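Values quoted throughout were computed directly from the atomic coordinates according to the rules given, and no laboratory measurement underlies them. Note that the structure is a prediction, hence the values are computed from the model and not measured. Note: ideal-geometry Cβ built from the backbone for every residue, glycine included; neighbour counts use all protein chains shown.
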Amino acid sequence: MNGILKLGQRFYSAFFADNRYLAYLEGVKNTLIISLFAVLLGVLIGVLVAVVKYVAKENKNPLLGLLDRFCGLYVTVIRATPVYLQIFIIANLIFTARDMELYAAITCFGINSGAYVSEIIRAGIESIDRGQFEAGQSLGLSHGTIMKSIILPQAVKNILPALGNEFITLIKETAVAGAIAVTDVTKAAQYIGSRTWDVLPPLFIAAGIYLVIVLGLTRLLNIFERRLAASDHH
Amino acid sequence: MKKFWTVLMCAAMTLSMAACSSDSASAKNDDKIYVGTEAGFAPYEYMSGDQVVGVDMDIAQAIADALGKELVIKNMDFDGALNAVQQGQVDFVAAGVSVDEERQKVMDFSHNYVDSSDVVIVNASADTVKTNEDIADKIVGVQQGNIADIWMTNNYPDAQVKRYTKFVQAAEDLKNNKIDAIVMDLYPAQELVATNPELKILDEENPVFVDQYAIAVKKGNQELLDQINEVIDQLIADGKIEEFTAKHASAN
């Protein structure tokens, strides 16, 4: 009984005492902001890279070929280096001014996400029957119009679940932002542990917070997917 | 297609503005002053709710008040804070920074405001370390970039030094006997063992070494240094440092 009381005391101390829950709240705010803007940036980059790669397969334009090479290099480098390293490089190379930590984190995770998202989108686009593209060509449409009006809208349905997963991955990945002085949920838990000299309870509380966020998002994504799939039934 | 490119251009411009603002922002924002610290070092700096408070923060506030500027507290890792002041990310560091020759080569220090001593903490139920000198060839935990880190490297090359960003993690490892000892500042050490009865200070009367804390500024920033020194001298003369310490020590 005593053990349970002591455990309860430790968790109380890690959350309620001294208004510590406010620190977690601040962490949640930062985590969500970074994740949201990073996924938007990631999707933007991912779409560009995927489209370039897809179109470059047909079109032998040398400029496009160069762009394609560059995109390939970008994806390779990002996937070959740890994001924990990438964030230090980006923060120290580009975002050297004051109060730029959030921008640095968003950019780093956006660029990182973009590489993986581009692969997701490319797979999604390639899953669309080649015949669709050829049909567009036979109608005399330009590549851009074909992509925009025929291929991408169909690909979106395949891509969205994978993108949703990417967002969830980002939520967890933002824990790395603590390396450049962003107080996210994990960092907040560490500071509270430093305060109470009791390292584990805050860490478990942080895990619980991530759990709630991710489960909530998963639920939303499922609803969204079901709505999309509804159009498949005739 | 046009709309797509417009959106893309806007996004690109926003991001490039953010990056470019480095030049305009680093031209001193004249009504704010930035202090770097690591909030895991009670009573000098610690978290209360979601605020960073402590003796060093009271001193930082006094400095900001004397300069008529708003204080912005930047909470980060200790070695990151020392790096940040050299890069100009923060104007000064108030984080229980000890004055040291190597550091003086790359940053400037104010007048001392605290005399501190470092002690050895051990696990009360282990007996690998019985005296201060025993740490010479053991696994010793320190905070990364902290004066104890430097001191251990210089004085005990045969010891295996484990560097942590947070003292509490070192404490946890000591409780689990992953390390044999921790070398850290006396005040926070006392607090550590008070909340962790499995750990004890080896020899409180005989510290491993003594040092002084000072405020660190970017090398060559003489103007700010002079202003800070004025504030420090006044605080010491008025007995404010003791007042701050008593206030935060009793809050723990």
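For B:ASN206 and B:ALA194, the difference between the fully extended length at 0.36 nm per residue and the C-alpha to C-alpha distance is 2.4 nm. Spatially, the stretch A:67-96 and the stretch B:96-169 are offset by 36 Å when compared through their Cα centroids. Listed by chain and number, the aspartates and glutamates whose C-alpha is less than 19 Å from the C-alpha of B:LYS178, apart from same-chain residues fewer than 8 away, are A:ASP198, B:ASP127, B:ASP134, B:ASP137, B:ASP149, B:ASP158, B:GLU198.
Kindly provide the helix-only [θ] at 222 nm of the protein assembly as shown, computed as the sum of -39,500 (n - 2.57) over DSSP H runs of four or more divided by all residues, to the nearest 500 deg cm²/dmol?
When only DSSP H runs of four or more count, the value is -20000 deg cm²/dmol.
Which value, in debye to the nearest 20, describes the size of the charge dipole of chain B about its Cα centre when Lys and Arg Cβ atoms bear +1, Asp and Glu Cβ atoms bear -1, and nothing else is charged? Can you show the working numbers first?
On the way: 20 positive and 42 negative charges, 291 e Å.
In total the dipole reaches around 1400 debye.
For the stretch A:60-154, the set of trypsin sites (Lys or Arg not before Pro) satisfying both a DSSP loop assignment and a count of at most 12 other C-beta atoms within 10 Å is given as A:LYS60. Amide H contacts of B:GLN160: B:LYS138, B:ILE139, B:VAL140, each under 5 Å away and 5 or more positions distant or on a separate chain (H built 1.01 Å from N in the peptide plane; Pro and chain starts excluded). Legend: distances between Cα atoms for B:LYS74/B:LYS247; A:LYS60/A:LYS148; B:LYS138/B:LYS200; B:LYS32/B:LYS166; pairs beyond 26 Å are B:LYS32/B:LYS166. Here B:LYS219 is the anchor, and the lysines within straight C-alpha reach of less than 19 Å, apart from those fewer than 8 places off in the same chain, are B:LYS28, B:LYS105.
The modelled label-to-label distance for the pair A:PHE70/A:LEU203, using points 7 Å beyond Cα in the direction of Cβ, is 4.4 nm.
Per the Cauchy relation, a quarter of the hull surface: what is the mean projected area of the convex hull of the alpha carbons in the stretch B:158-252, in nm²? If you can, show how the numbers build up before the last one.
Working: hull surface 35.4 nm².
Average of the hull's projected areas for the stretch B:158-252 equals 8.8 nm².
Here the ratio of the Cα radius of gyration of the stretch A:1-159 to 2.2 N^0.38 Å is 1.50. With 0.36 nm allotted per residue and the present C-alpha distance subtracted, the A:LYS157-A:PHE224 stretch has 23.0 nm of extension available. Taking only the alpha-carbon positions of the stretch B:113-205 and ignoring solvent, what does the Debye formula give for the base-10 log of I(q)/I(0) at q = 0.11, 0.21 Å⁻¹? The calculated log intensity ratios at q = 0.11, 0.21 Å⁻¹ are -0.25, -0.99. Only Lys, Arg, Asp and Glu carry charge here, each on its Cβ (+1 for the first two, -1 for the last two); on that basis the stretch B:117-211 has a dipole of about 380 debye about its Cα centre.
Pairs of Cα atoms nearer than 8 Å and 6+ residues apart set the relative contact order; for the stretch B:143-224 it is 19 percent.
Straight-line cross-link reach from A:LYS187 at under 13 Å between alpha-carbon atoms covers these aspartates and glutamates, not counting any fewer than eight positions away in the same chain: A:GLU26, A:GLU173, B:GLU38, B:ASP50, B:ASP77.
With neighbours defined as other Cβ atoms within 10 Å of a residue's Cβ, the residues B:MET9, B:MET107, B:MET184 order from fewest to most as B:MET9, B:MET107, B:MET184. Write down the percent of antiparallel bridges among all DSSP beta bridges whose residues are both part of the protein assembly as shown, to the nearest 5. Roughly 60 percent of the beta bridges in the protein assembly as shown run antiparallel, per DSSP. Only the Cβ atoms of Lys and Arg (+1) and of Asp and Glu (-1) were treated as charged; on that basis the dipole of chain A about its Cα centre amounts to roughly 180 debye.
Neighbour counts of other Cβ atoms within 10 Å put A:ILE168, A:ILE125 in the fewest-to-most order A:ILE168, A:ILE125. Its relative contact order, with pairs defined as Cα atoms under 8 Å and 6+ residues apart, puts the stretch A:32-182 at 38 percent.
I need to check one value: relative contact order of chain B, counting alpha carbon pairs closer than 8 Å and at least 6 residues apart, in percent. Intermediate results must be reported in sequence, preceding the final value.
Working: 430 pairs, mean separation 66.4, N = 252.
Relative contact order here is 26 percent.
Can you figure out the FRET efficiency of A:LEU211 with A:TYR84, using R₀ = 25 Å and their beta-carbon distance, to the nearest 0.05? Using R0 = 25 Å, I get an efficiency of 0.65.
In units of 2.2 N^0.38 Å, what is the alpha-carbon radius of gyration of chain B? Spell out each step's value before the answer.
Working: Rg = 20.9 Å, N = 252, 2.2 N^0.38 = 18.0 Å.
Computed over Cα atoms of chain B, the ratio equals 1.16.
Within 10 Å of the Cβ of each residue in B:47-55, the mean number of Cβ atoms contributed by other protein chains is 5. Taking the charge dipole of chain A about its Cα centre, with +1 at Lys and Arg Cβ atoms and -1 at Asp and Glu Cβ atoms, the residue from A:TYR54, A:ILE106, A:PHE15 reaching farthest to the positive side is A:PHE15.
Taking a ≥ b ≥ c as the square roots of the eigenvalues of the Cα gyration tensor, the protein assembly as shown is classed as prolate, since a/c reaches at least 1.5 and a/b is larger than b/c.
Pull out the extension gain between A:LYS60 and A:GLN137, defined as 0.36 nm times the separation in residues minus the alpha carbon to alpha carbon distance; nm, one decimal.
Values: separation 77, 0.36 × 77 = 27.72 nm, distance 1.63 nm.
Length gained between A:LYS60 and A:GLN137: 26.1 nm.
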